Amino acid sequence: MVIFACKEPEWESRVVLTPDSAAKLVKLGLQVQVEAGIGASLFLPDESYRAAGAEVVADAAAALEGADVVLRLNPPPPYFIRSLRRGSLLISFLDPFLKPELVSALAETGVDSLCMELVPRSTYAQKMDALSSQASLAGYAATVLAADRIDKSLPMMSTPAGTIQPARVFVVGVGVAGLQAIATAKRLGARVSAYDTRPVVEEQVKSLGARFVKLGVQGGQTDQGYARELTEEELELQREQMLKVCAESDIVITTAQVFGRPAPRIITAKMVAAMRPGSVIVDLAASSGGNVEGTQPGKETVVNGVRIVGLTSFPSLVARDASQMYSNNVFSLIEHALDPETLQLRLDDPADEVISSTLLTRNGAVLHEGVRKTMEANA
Ligand code: NAD
């Protein structure tokens, strides 16, 4: 079985496969090819992949035609899918709810796909869970970026020239990214509060030494642990009560997501206007629509003196670690599915919960019911 790892687009500093993971795949008995220059953004020379036992290929088009399994990190454009062989397997983030045209291209060309966003959030699948590995690094990177952009110190400082009050950091949405944002802000000495619609989160927030803000809006969660989407009335109530907390905060970090839906709009222009000039908002949900009114995806803007950071790839700020984590996740998924006798991937075992959840397209069909329904609704 030939596995081909592609180079990511110019703007991406993460890589899909590190030499360490390439070596582990080779050790399983698999033939690994990588696109020439794949590690350039991390200063990983082609030679480091050769030393790991991979073949470095300059002709990507030919490699795509020949590969049984193609690895990518960011969702590719639909035209890329048409360069893959019918019956080959793509493993990548695919953003299937927001990119129906990509899912259609996979089905139409008969390319099978394992969608990294669909790996179940179970204890068993943790080592394959790229949403978590990348979100955790994103939460860290967002907080460090906010600390860099804010015009004051995060810790309290008692100096002969006077006492500096600690920065107040407010984290909205306490999933994997939010928890890491809280932990990082606490380590930097800030006074941290946090809010989430899932009440189970309160204990986790407190255990990190932060204050849990109660707004009287409880959303509950699905059996996968994801937040339920709030009604417009509930969101309005939430916004009214959040104004005061935002006004008192130096830094607001938003991470709220509802699986399979655009991000909820939580921070309004009125809340932004209530913050003191010089304060900072970091919107981690910018790539799925943004939690903040005024976020411009991919940009930093200043509104009435409040800086709104809407970068779309926070894990790329810590690209070395993020690549290593993603690469480990993909390796674990392949190792999990691999039949050690035939060295082929087992994709059709209905008892395998990890693969049956993650398999998005197979033999021309879209298997994930939620994605199919979204596509039908958008058609
Ligand atoms: P996510 O990225 O889907 O959402 C981030 C947070 O936003 C969530 O905590 C969600 O409740 C919150 N949110 C949504 N709407 C909101 C609103 N209107 N206001 C405020 N907050 C809002 O979450 P995630 O980090 O992907 O985690 C999803 C779930 O999966 C969590 O329950 C997490 O604990 C669970 N999880 C489990 C495992 C495991 O067991 N192995 C691993 C990772 C995550």
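The values are calculated or read from the model by the stated rules, or taken from the named source; none is laboratory data. None of the values given here were measured: they were computed from a predicted structure. Every residue, glycine among them, receives a Cβ derived from its backbone with ideal geometry; neighbour counts consider all protein chains shown. For the accessible areas, the whole protein counts, side chains as well, though only heavy atoms, and no ligand, DNA or RNA atoms are used. Shrake-Rupley method; radii C 1.70, N 1.55, O 1.52, S 1.80 Å.
Taking trypsin sites (Lys or Arg not before Pro) across the stretch 260-309, the ones in a DSSP loop with at most 14 further Cβ atoms lying within 10 angstrom of their Cβ are Lys299. Most simply put, the stretch 99-256 has about 25% antiparallel DSSP beta bridges, counting only bridges with both residues inside it.
Under a model in which nothing but the beta-carbon of Lys, Arg (+1) and Asp, Glu (-1) is charged, the stretch 178-235 shows a dipole of about 560 debye around its Cα centre. All C-alpha pair distances within the stretch 126-247, sorted into 10 Å bins from zero, spread as 13, 38, 34, 12, 3, 0 percent across the bins.
In terms of overall dimensions, the C-alpha atoms belonging to the stretch 231-361 reach 63, 37, 21 Å along their principal axes, ordered largest to smallest.
Taking Cα atoms only, the orientation of helix 130-149 departs from the longest principal axis of the chain by about 40 degrees. Measuring nothing but protein heavy atoms, the accessible surface of the chain at 1.4 Å probe radius is 53 percent carbon and sulfur. Using the Cβ-Cβ distance between Tyr124 and Thr159 with R0 set to 51 Å, the FRET efficiency from 1/(1 + (r/R0)^6) comes to roughly 0.50. Per residue, the average separation of C-alpha pairs within less than 8 Å and at least 6 apart gives the chain a relative contact order of 17 percent.
The percentage of C-alpha pairs in the stretch 3-104 whose separation is greater than 17 Å is 50%. Across the stretch 47-101 the C-alpha pair distances fall into 10 Å bins from zero in the proportions 21, 48, 25, 7 percent.
Given a 10 angstrom Cα cut-off, can you work out which residue in Gln126, Gln344, Gln257 is the most mobile in a GNM of the chain? Answer for the Gaussian network model of the chain: Gln344. Straight-distance candidates among the lysines for linking to Lys27, with alpha-carbon spacing under 26 Å and chain neighbours fewer than 8 residues away dropped: Lys7, Lys127.
Bridge orientation summary for the stretch 47-167: considering DSSP beta bridges with both residues in this region, about 30 percent are antiparallel. Evaluate E = 1/(1 + (r/R0)^6) for Arg86 and Glu55, where r is the Cβ-Cβ distance and R0 equals 41 Å; express this FRET efficiency to the nearest 0.05. The pair Arg86/Glu55 has a calculated efficiency of 0.95.
Placing +1 on each Lys and Arg Cβ and -1 on each Asp and Glu Cβ, with no other charges, gives the chain a dipole about its Cα centre of roughly 1300 debye. For the stretch 104-243, a crude dipole built from +1 on the beta carbon of Lys and Arg and -1 on the beta carbon of Asp and Glu, taken about the Cα centre, is about 940 debye to the nearest 20.
Considering only Leu243, Gly298, Leu347, whose Cα is most displaced toward the positive end of the charge dipole of the stretch 240-368, charges sitting on Cβ of Lys, Arg (+1) and Asp, Glu (-1)? Looking along the dipole axis, the top candidate is Leu243. Give me the percent of DSSP beta bridges within the chain that run antiparallel, rounded to the nearest 5. Counting only bridges with both partners in the chain, antiparallel ones make up about 30 percent.
Put simply, the convex hull of the Cα atoms in the chain casts, on average, a shadow of 20.0 nm².
Taking every DSSP helix (H) stretch of at least 4 residues in the chain, weighting each as -39,500 (n - 2.57) and dividing the sum by the residue count yields a mean residue ellipticity at 222 nm of -10500 deg cm²/dmol. Helix 232-247 and the longest principal axis of the Cα set of the chain meet at an angle near 60°. A straight line joining the Cα centroids of the stretch 206-250 and the stretch 139-188 runs 20 Å.
For the pair Lys206 and Asp339 in one chain, pulling the backbone fully straight at 0.36 nm per residue adds 43.5 nm over the alpha carbon distance. Excluding ligands, DNA and RNA, the accessible surface per residue across the chain is 44 Å² with a 1.4 Å probe.
Between the stretch 1-75 and the stretch 322-339, how many Å separate their Cα centres? Value for the Cα centre distance between the two parts: 13 Å.
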